[in-house]
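The values are calculated or read from the model by the stated rules, or taken from the named source; none is laboratory data. It should be emphasised that the depicted structure is a prediction, and the values quoted were computed from it without experimental measurement. Here Cβ is always computed from backbone atoms with ideal geometry, including for glycine, and neighbour counts include all displayed protein chains. Ligands, DNA and RNA are stripped out before the accessible areas are found, and what is left, the full protein with its side chains, is counted by its heavy atoms. Shrake-Rupley method; radii C 1.70, N 1.55, O 1.52, S 1.80 Å.
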Amino acid sequence: MTTATTRALRTTPPARTGETTARDSPATAMPSLPSLTGLRWMAALLVFGLHVNNFGYFGGTGGRLVTWGFGAGATGVSFFFVLSGFVLTWSARPRDRALAFWRRRIARVYPVHLVTLAVALVMAYSLAHQPRPTPKQALSNLLLLHSWWRPWWQTLNPVSWSLACEAFFYASFPLLFLLLRRLGARCSAALGALSLAAIIVLAWADAHHWWTYALYSFPAARLPEFVLGAVTARLVLLGRWRGPGLEASLALAIIGYFLVPQVTPGYSATVCTIVGFSLLIPAAAVADVQGLPSLWRRRRLVRLGELSFAFYMIHLLVLRAGTQLLGAKPHFGLLAGVAVTTVAFSLSLGLSWVLYEAVECPARRLLLRRRRRPTPPPDPVEAHVETHGEAPVAARD
């Protein structure tokens, strides 16, 4: 099936395995993909809705509606995992060193993680009825290792479990990217098929309790989603992506989302949405590259997408703090539930803006700032050439 993706990205013949292309040049900058930033906000919003449902803000008909709309909101995390693999492969620097890559990723996520971790610690020791972590739990959370041990995965700021998975993905990415650069389109597609098969097998095994350890939060079990995102990015870069357009991909993702209640809760939900997400993300990227219409790159959505990481990291702490005033699972009527949810959302969004502007961006600039070496005074001849374009005859002799 020939799509707009193929027509746009195959103006240059696809690179063969090991062949050097313009993409391999360090000076080549890949086009930005604002639609993916807008979609990231929608995934964060699904997670927020899930937690509003879990905290029981709505009772009666309102509660049933919220459960219907956001009961599958945990799949937003699966979207993040696929998106992470796509974006990192899309923006990867071919001659980059692993240490430089890891440094950039630490600068991207760790400052916000540290601040929200500190807030969670203060809440644990200052608010009533809040679980207090042991020193080992706090240390594992600090080092983003807590998802490897199920009893610790929800300690302190519970949403950080997915950040521990991302840390594992980041650790694996230099090796994955090295492999992908050596694979052609067919081998890349085969790797994607293996990743999809792994997700299906893991979901079946988890649903049938082949082992006592739940796979939902286990980083190694979530790696295939990340790999699948990386593979789709590789196929787009090679000009060999075959997939439906943005509207059809979105429809498939929505259908998969509403199929989630039909499967066993937990990891099995990944099977329902993984195909739709794996089609939607490259379709949105292609729409940006070609300049095709895309709802997701509207300015306000992109701005919200920029705040989405901070929003994701702070919103559950806001909801937890709210239990001090509202109690556990208050089950308000529809109007009262909407009012309370609006306040919680507004507080979370406002705090995410503060985190983004005061922590995330400044810390990233600080951590990635290069130390400037003292430069010798400029040579008079070179200075003249830079200023006037040519050196005088006497100097050239």
Note: among R105, R132, R95, R186, just one is open to solvent by 20 Å² or more (accessible area, probe 1.4 Å) and under 21 Å from the mean Cα position of the chain (by Cα), namely R105
Contacts under 6 angstrom Cβ, first residue in segment 252-269 being within 17 Å of E225 (Cβ to Cβ), partner of a type in the set (A, V, I, L, M) and not in a helix (DSSP H, G or I), 6 or more apart: Y257/A72; V260/A72; Y267/L215
Got a number for residues in segment 328-350 being over 29 Å from the mean Cα position of the chain (by Cα), part of a helix (DSSP H, G or I) and either without any contact (Cβ under 8 Å) to a residue 60 or more places away in the chain or loosely packed, with under 15 Cβ neighbours inside 10 Å (or both)? 3
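Condition check ((1) over 29 Å from R186 (Cβ atoms); (2) within 19 Å of the chain's Cα centre (by Cα)) across all residues:
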| site | (1), (2) |
| --- | --- |
| A230 | no, yes |
| R234 | no, yes |
| L237 | no, no |
| E306 | yes, yes |
Would a scan of segment 174-182 turn up a residue that is in contact with an Asp or Glu (Cβ under 9 Å, 6 or more places away or on another chain), open to solvent by 40 Å² or more (accessible area, probe 1.4 Å) and not aliphatic (A, V, I, L, M)? yes
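Do we have F86 as of a type in the set (F, W, Y) and either surrounded by 19 or more Cβ atoms within 10 Å (Cβ to Cβ) or part of a loop (DSSP other than H, G, I, E, B) (or both) here?
So F86 fits the description; yes.
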Any idea which residue in segment 210-240 is farthest from P261 (Cα to Cα), counting only those that are open to solvent by less than 20 Å² (accessible area, probe 1.4 Å), assigned to a loop (DSSP other than H, G, I, E, B) and hydrophobic (A, V, I, L, M, F, W, C)? L238
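Only one of these is within 28 Å of V289 (Cα to Cα) and without any contact (Cβ under 8 Å) to a residue 40 or more places away in the chain: L178, L144, L156, L114. Name it. Even if it seems obvious, please write down each step before you answer.
Numbers: L144 fails: within 28 Å of V289 (Cα to Cα); L156 fails: within 28 Å of V289 (Cα to Cα); L114 fails: within 28 Å of V289 (Cα to Cα).
Result: L178 is the single residue among L178, L144, L156, L114 that is within 28 Å of V289 (Cα to Cα) and without any contact (Cβ under 8 Å) to a residue 40 or more places away in the chain.
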Name, by its number, the condition in (1) surrounded by fewer than 19 Cβ atoms within 10 Å (Cβ to Cβ); (2) among the charged types (D, E, K, R); (3) within 29 Å of T155 (Cβ to Cβ) that does not hold for R299. (3)
Quick one: in segment 241-256, which of the residues that are open to solvent by 20 Å² or more (accessible area, probe 1.4 Å) and not hydrophobic (A, V, I, L, M, F, W, C) is modelled with the lowest pLDDT? R242
Using the structure shown, decide if G305 is outside any loop (DSSP other than H, G, I, E, B), under 16 Å from A43 (Cβ atoms) and among the small types (G, A, S). yes
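From A207, A167, A171, which residue is aliphatic (A, V, I, L, M), under 28 Å from L145 (Cβ atoms) and surrounded by 19 or more Cβ atoms within 10 Å (Cβ to Cβ)? Spell out the reasoning first.
Details: A207 fails: surrounded by 19 or more Cβ atoms within 10 Å (Cβ to Cβ); A171 fails: surrounded by 19 or more Cβ atoms within 10 Å (Cβ to Cβ).
Every option except A167 fails the conditions.
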